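Written below as structure tokens is the structure these notes are about.
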Amino acid sequence: MKNFLLLLLFLITSAMDIQAQRVPSSCEAIDGLDTLYDEDAHRLALKKIYRQDLPEKEEIIIPGSHVDTILRALWAVYNASDLAARDTVVSLYGVIHTAPREFLNYMVVNGDPNEDWAQKLKDGIVPTDNIYIDSFMETYNWVVADYQGYTSYMNLIFFRSPEYYNIEAFDSLLGNVSGLREFGPYGLVGDGADITDSIYSDHVELTYSIGWGDCPAGCIHRRYWTFKVYDDCSVEFAGSYGDALPSTTIEEVALPSLRSYPNPFVDYLWIEGFHSGFDYNIADLSGRVLLGGSTTGNRIGDVSHLPEGMYILNAVSGQKKETFKIVKCK
């Protein structure tokens, strides 16, 4: 145990070589801009629910507890005016929002135009006398924003609501509608800007990014800025990494192009910096490989079974590779 603690102390001390800035801030919305991040917070909360396969993925209403945690963190970064990097993500490139932009309050339905409910919606008649369509519209405040009839099979009805919802969960209601062939969120093509989040016991980590170069196809280049928001709403700029921006006057703290977190870890690991999946292996200090595999995302599978101690993590994707010293704790 003594050797383990010494190794852990060495790792933490080494990490301090990356200069960090932490300033006081506020988690409260600014008057007049109070809805600025509402959809982002709902979208990030929903992504977390699906990413962790939580029971809430069956719920139409996105739980407020998940949304509030992320919303407070977004506003803390916005309000951290003493951080120069804050200007990069809220003003230099405009306010960075989440992607892909599948709207959580705008959806499209493809319905049989011969169905009575579809014809009534086309004629602006509400209620339609279809209990499922009427419940959908009345309970969740959906209204018809547009109606586009093309063929007997392609008959699109666009709905809009002032609220944000888990649109996939509407299958429990709309799946019972006769003649409704398909439905889904309405969105925009491209992923130029984005925000991702990770939630820890004492802070929320937000990573903002800007992509450029053929973004409708996925963006050739991308740069990232990472902030840590603590329980007292103070904000730390952890640094930036990725492709160099074409031009900027912002002084940035550089992070390694690839990084592994959390470190120390308990039951999972993430690697940031790869644009696609990667191959990896985890070895002990003698070089004996204990675990290996491939991933299409940036998360390594369950590593909770590894004993407490220090390991070497090797990751490679194409010509890009990195080796990390990582620590497993209970």
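The values are calculated or read from the model by the stated rules, or taken from the named source; none is laboratory data. Because the structure is predicted, anything quoted here is derived from the model rather than measured. Heads up, the Cβs are rebuilt from the backbone with ideal geometry, glycines too, and the neighbour counts pull from every protein chain shown. Ligands, DNA and RNA are excluded from the accessible area calculation, which covers all protein heavy atoms including side chains. Shrake-Rupley method; radii C 1.70, N 1.55, O 1.52, S 1.80 Å.
Here are the numbers for this structure:
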{"quantity": "Accessible area in square angstrom per residue, the chain, 1.4 angstrom probe", "calculated": "51"}
{"quantity": "Long-range HN-HN contacts of Gly111 with modeled amide H, under 5 Å", "calculated": "Asn155, Ile157, Arg181"}
{"quantity": "13 Å cut-off, amide nitrogen to a point 7 angstrom out along Asp284 Cα→Cβ, residues in segment 308-330", "calculated": "308-312"}
{"quantity": "Two-site FRET efficiency, His221 against Ile131, from Cβ-Cβ distance with R₀ of 51 Å, rounded to 0.05", "calculated": "0.50"}
{"quantity": "Cα-based helix-to-principal-axis angle, 64-79 vs the chain, degrees rounded to 10", "calculated": "60"}
{"quantity": "Extended-chain gain in nm, criterion 0.36 nm per residue less alpha-carbon gap, His97 and Ser294", "calculated": "67.9 nm"}
{"quantity": "Size of charge dipole - the chain - debye, nearest 20, with Cβ of Lys, Arg +1 and Asp, Glu -1, no other charges", "calculated": "1420"}
{"quantity": "Rounded accessible area of Met154 (nearest 10 Å², 1.4 Å probe)", "calculated": "70"}
{"quantity": "Gln119/Tyr50 FRET efficiency (R0 41 Å; Cβ-Cβ; nearest 0.05)", "calculated": "0.70"}
{"quantity": "Dipole-positive endmost among Pro63, Val90, Leu180 within the chain (Cβ charges, Cα centre)", "calculated": "Val90"}
{"quantity": "Principal axis dimensions, largest first and in whole angstrom, of segment 282-330 by Cα", "calculated": "31, 21, 14"}
{"quantity": "Area accessible to solvent at Tyr132, 1.4 Å probe radius, in Å²", "calculated": "80"}
{"quantity": "Amide N proximity, segment 117-132 versus Ser178 label position 7 Å along Cα-to-Cβ, cut-off under 17 Å", "calculated": "117-121, 128-132"}
{"quantity": "Above-threshold pairs, the threshold being 28 Å between Cα atoms, out of Lys57/Lys122; Lys57/Lys320; Lys57/Lys328; Lys47/Lys228; Lys228/Lys325", "calculated": "Lys57/Lys122; Lys57/Lys320; Lys57/Lys328"}
{"quantity": "Full-extension gain in nm, Tyr153 to Ala84, via 0.36 nm per residue minus C-alpha separation", "calculated": "19.5 nm"}
{"quantity": "Rule-of-thumb Rg ratio for segment 108-195 [Cα; 2.2 N^0.38 Å; N residues]", "calculated": "1.11"}
{"quantity": "Heavy-atom accessible area order for Asp38, Asp302, largest first, 1.4 Å probe", "calculated": "Asp302, Asp38"}
{"quantity": "Extension gain, Leu33 back to Val316 (0.36 nm per residue minus Cα-Cα distance, nm)", "calculated": "97.6 nm"}
{"quantity": "Heavy-atom SASA rank of Arg222, Arg51 (probe 1.4 Å, accessible area, largest first)", "calculated": "Arg51, Arg222"}
{"quantity": "Computed accessible area, Val90, all protein chains, 1.4 angstrom probe, square angstrom", "calculated": "10"}
{"quantity": "Positive minus negative residues near Val229 (Lys, Arg vs Asp, Glu; Cβ under 11 Å)", "calculated": "-3"}
{"quantity": "The chain: equivalent-ellipsoid semi-axes (sqrt of 5 x gyration tensor eigenvalues, Cα, Å)", "calculated": "43, 23, 19"}
